[in-house]
Amino acid sequence: MKNIFFRNIFILSNLLLLSTCGNFGKNINLFTIEDDKTLGRQVAADIASKPEEFPILDRTKYAAAYDYLYGIRDKILNAGNVRFKNEFDWELFIIHNDSTLNAFCSPGGYIYFYTGILKFLDAEDQLAGVLGHEIAHADLRHSTRQITRMYGLQTLTRIVTSEESLPAQVLNGIIGLRFSRDHETEADGSSVHYLCPTNYDATGGAKFFEKIQALGGARMPEFLSTHPNPTNRIEHFHNQSTAHSCSGNNEYRERYQTFLKTLP
Ligand SMILES: [Zn+2]
């Protein structure tokens, strides 16, 4: 990744300038949009090379399931509030693992749903809410913002002196990345913002947390234990929906049940 290496020398000088100005804020991102896409593709290739850990449903065999997910994706993207709608790839994957209540996103818009979370949800607006949240992590470039903060100047100095390539070095970091509480809250708010112009209930994502709460603490997914309290998250979804005057109220429960029948 020579281009990234050389560009980082430029970035390094910019960063030195910024840090001497005392301006090294949390929103600084040393990566370009193209870097996000490159990193996302590398993560996707890495995941595809580990079918035992990530058994991804075949797109031909499960075409109906993928068509349904992509339909929801298009509805959100075409509603007008996703900033990098045309720049990012927005590819969706289903991982066959019924015991994992999770979804995750890589830079550049590579979004993975475990069958565990799909089967846990019971209406399309809930899935749209979770998808909106994952889209937001990519659209707000949380991974590369966080990597910028994590690695920062020290790593760039080392890269410049050792000629290591940044993507190879941070690849594992991205897969294991946990977003900060701020980024989770930001993604929840954006989920509402993205769904607001559609006819979905824009607080669909809150219903996931309501269902998690109903399970009781014992079955709380591990990834949520380090995240903002579900009660606060549910409130935030509703506050954002009120703030944006969102009026959609469709849940689409029946067709969600039809979708579930297309999964293994
Ligand atoms: Zn998240």
**OP:** Collect the residues in the range 74-105 that are among the polar types (S, T, N, Q) and open to solvent by 60 Å² or more (accessible area, probe 1.4 Å), keeping them in residue-number order.
**Re:** 78, 86, 99
Original post:
Out of the range 44-62, which residues are assigned to a helix (DSSP H, G or I) and open to solvent by 40 Å² or more (accessible area, probe 1.4 Å)?
Top reply: 45, 48
Subject >> Flag if residue 161 is part of a helix (DSSP H, G or I), touching a Leu at 6+ places or on another chain (Cβ under 9 Å) and at pLDDT below 85 >> reply: no
Original post:
Restricted to the range 168-198, and to residues that are away from the ligand (no atom under 16 Å from the Cβ) and modelled with pLDDT under 85, which residue is surrounded by the most Cβ atoms within 10 Å (Cβ to Cβ)?
Top reply: 170
**OP:** Please work out if residue 71 is of a type in the set (Gly, Ala, Ser) and open to solvent by less than 10 Å² (accessible area, probe 1.4 Å).
**Re:** no
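The values are calculated or read from the model by the stated rules, or taken from the named source; none is laboratory data. Please read these numbers as outputs of a predicted model, since none were measured by experiment. Don't worry about glycine lacking a Cβ; one is built from the backbone with ideal geometry, like all the others, and counts go over all protein chains shown. The area values use the complete protein model at the heavy-atom level, side chains included, leaving out ligands, DNA and RNA. Shrake-Rupley method; radii C 1.70, N 1.55, O 1.52, S 1.80 Å.
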